[in-house]
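Below is one structure; the comments refer to it alone.
What follows is calculated from the coordinates using simple rules that are stated; it is not laboratory data. None of the values given here were measured: they were computed from a predicted structure. FYI the Cβ positions are ideal-geometry reconstructions off the backbone, even for glycines, and counts take in every protein chain you see.
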Amino acid sequence: MEPILSVKNLSTWFYMEEGVVKAVNDVNLELHENEVVGIVGETGSGKSVTVRSIMRLIHKPGKIVSGKVIYRGRGKEEDILSLPEDEMTSIRGKEISMVFQDPLTSLNPLYTIGDQLTETIIQHQDVDRKTAWEIGIEMLKKVQIPEAEKRMMSYPFEFSGGMRQRAVIAIALSCNPKVLIADEPTTALDVTIQAQILDLMKELQKEFKTGMLFITHDLGVIASMADKIIVMYGSRQMEVASAEDIFYRPLHPYTHMLLRAIPRLDKKQDKLEAIPGQPPRMIEVPNVCPFAPRCPRRLDKCTKELPELVEIEPEHFVRCFNPVLETKNSEAIPNE
Amino acid sequence: MVPELFIITLLVFLIMQAAPGDFLDQYRLDPSVSKDFLQALEKQYGLDQPIMVQYIKWLKGLVTGDLGYSFYYRRPVSDLIGERVLNTLILSLYSFVISWIVGIILGVISALKKYSFWDKFLTVIAFTGIAIPGFFLALLLLYFAAKTGTFPVAGMYSVNHGKMNVWEGFKDIFWHLQLPAFTLTFGGFAGLMRYMRGSLLDVLNEDYVEFARAKGMPERVVIFKHAMRNAINPLITMFGFSLSSLLGGAVITETIFSWPGLGRLVYQALVQQDIYVVMASTVISVIMLIAGNLVGDILLAAVDPRIRLE
């Protein structure tokens, strides 16, 4: 089956006074119906800019410099990036929805939850205000907000953080989009609420058969959510594979080191290891492997040219000249 | 409100008394005025009594609605003020409304077209407005009016105003109004415009504005429903506060353009030490300040649910 969303060679650059920040370079991804694709990476790796480019929510000085975003949800192939701006309003919220990181700031403080929910429904569906209100109540029930009828009249400041994120999810799913983009939806919440929201999202994603792009910097979160994982570093995809492969047979040194930096129940570890060095500066980057300066498996070649993203094993792509192919991967990278 | 009024009027009264001399000094310096006559005047005006007695007498009058008596005009203060309130209101309301409308509209344009030519152009105009002192601009305009003759130099009416019919009389006043109103507006709108611009730019960076876009709301709804209402909030507090300057904010402008309003009356009264006129204007200012802030608070509560329910 054809993927509902394909991103091809997407690059988004920011033209700052200090120079060009190449925030996203040559990103490719595919998302099928009822599939969850996770994007992991540290701050500044380009994951947020990638999904905002898909929504075309890139503002000056940012610019999508190349690439295609093919959407197949409306019975034909459309390149979102070449649609006129007013056509985008019928894609955003209806076909592709987005949940933001901070629920405390993603709702307008001056309007009731009901107002913000129904305005979306009225915008995209051919219903009157009363029906929209009914649909809104149903959505709040779906995200398990108690006393939904009463809560429609509440203002965001009367909701807790977790409740607000539920309301945001209700808004995002209210028009039954085929793609849901979640940009670190649980990062701003405390751990118990995080787990509840993740369960809820997983449940709703299955119910609506939504394709979901799930961004996080938390590998623990992604493990429970994603079917497929994209690891990003320094504006590029470093490794793309199924969730299982990423966690049990990682090939890229960066993925390796990431996994050793988090505690795991299934492996005994005396000490968590941080990745030495700093995330790269993003201005005027030469076309070499962005991870090379921090990489213990660096070859001379790595600082001279950029490795391609190659399919080393079936459905397992890696951008590395010296991938970790050994089976005993715990010894593959020497302890510093 | 009552204790505030009490403290402020007492302070103003004491400060007026602390200034050397009183209204009668101009007579004392005149050798042709006899000592007996001076004493009679002192007695008549109550200036021979201790300060606190004078103040309490004035306060008693205030409670019964009597604002006292002007030494200079030899008429009740309330009559004097009554005559001039309308003139001041014509000038101040006119420039108030224009500065708010122009300030907000230009502020919004400036914010939406950030760093464009128009934004920079408006910014230059705004800083010019903020930087030029009102009296200097007024003098420039006076010079311009005198040189070109396109605008009347001063006052509120033409000499033959009495012979005009209602429509012509209105046009006459309107014509006289332009220069003093421009002076006030130019200083007023500039600050508002910059404030509106900054506030809207802040709000445009908020997540909920981006979320509204991500929901597929058209840009028009994003700006006017989601961004504007939040951006206007800080200005509402300012609105209440600036309401208080409607009666008595334009002392210098009124004086330079000889506009027969309250500002000029108070200025003259200060120079003349015509104490009860000054006191009356103080009371008006205090009442306007408190009322203006009250209006601002009520408006803010009306638009912001967070304040309403707290």
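Key figures
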| item | result |
| --- | --- |
| Rounded to 5, percent antiparallel among DSSP beta bridges of chain A | 60 percent |
| Nearby aspartates and glutamates by direct alpha-carbon distance to A:LYS142 (threshold 17 angstrom, same-chain neighbours under 8 apart not counted) | A:GLU134, A:ASP199, A:GLU203, A:GLU207 |
| Eligible aspartates and glutamates near A:LYS202 by straight Cα distance, threshold 20 Å, same-chain separation 8 or greater | A:GLU30, A:GLU33, A:GLU35, A:GLU95, A:ASP102, A:GLU138, A:ASP183, A:GLU184, A:ASP190, A:ASP218, A:ASP227, A:GLU244 |
| Only Lys, Arg (+1) and Asp, Glu (-1) charged, at Cβ; the stretch A:1-77 dipole about Cα centre in debye | 340 debye |
| Choice from A:LEU110, A:LEU219, A:LEU259 with maximal GNM fluctuation in chain A (Cα, 10 Å cutoff) | A:LEU110 |
| Among B:GLN39, B:ILE56, B:MET16 the positive-end extreme of the charge dipole of the stretch B:2-66 (Cβ point charges) | B:ILE56 |
| In degrees, nearest ten, helix B:134-148 long axis to first principal axis of chain B (Cα) | 90 degrees |
| Lysines whose Cα lies under 20 Å from that of A:LYS271, excluding same-chain neighbours fewer than 8 positions away | A:LYS328 |
| Mean Cα-pair separation over length for the stretch A:72-144, i.e. relative contact order, pairs under 8 Å, 6 or more apart, % | 21 percent |
| Set A:LYS141/B:LYS225; A:LYS47/B:LYS225; A:LYS63/A:LYS304; A:LYS8/B:LYS114; A:LYS22/A:LYS47; A:LYS22/B:LYS120 screened for pairs whose C-alpha atoms are more than 23 Å apart | A:LYS141/B:LYS225; A:LYS47/B:LYS225; A:LYS63/A:LYS304; A:LYS8/B:LYS114; A:LYS22/B:LYS120 |
| Antiparallel %, DSSP beta bridges [both residues in the protein assembly as shown], to 5 | 65 percent |
| Student exercise, the protein assembly as shown dipole from Lys, Arg, Asp, Glu Cβ charges, in Debye to nearest 20 | 860 debye |
| Dipole magnitude of chain B, debye to nearest 20 (Cβ charges: Lys/Arg +1, Asp/Glu -1, about Cα centre) | 820 debye |
| Selected from A:PRO314, A:GLY114, B:ILE132, residue furthest toward positive end of dipole (the protein assembly as shown; charges at beta carbon) | B:ILE132 |
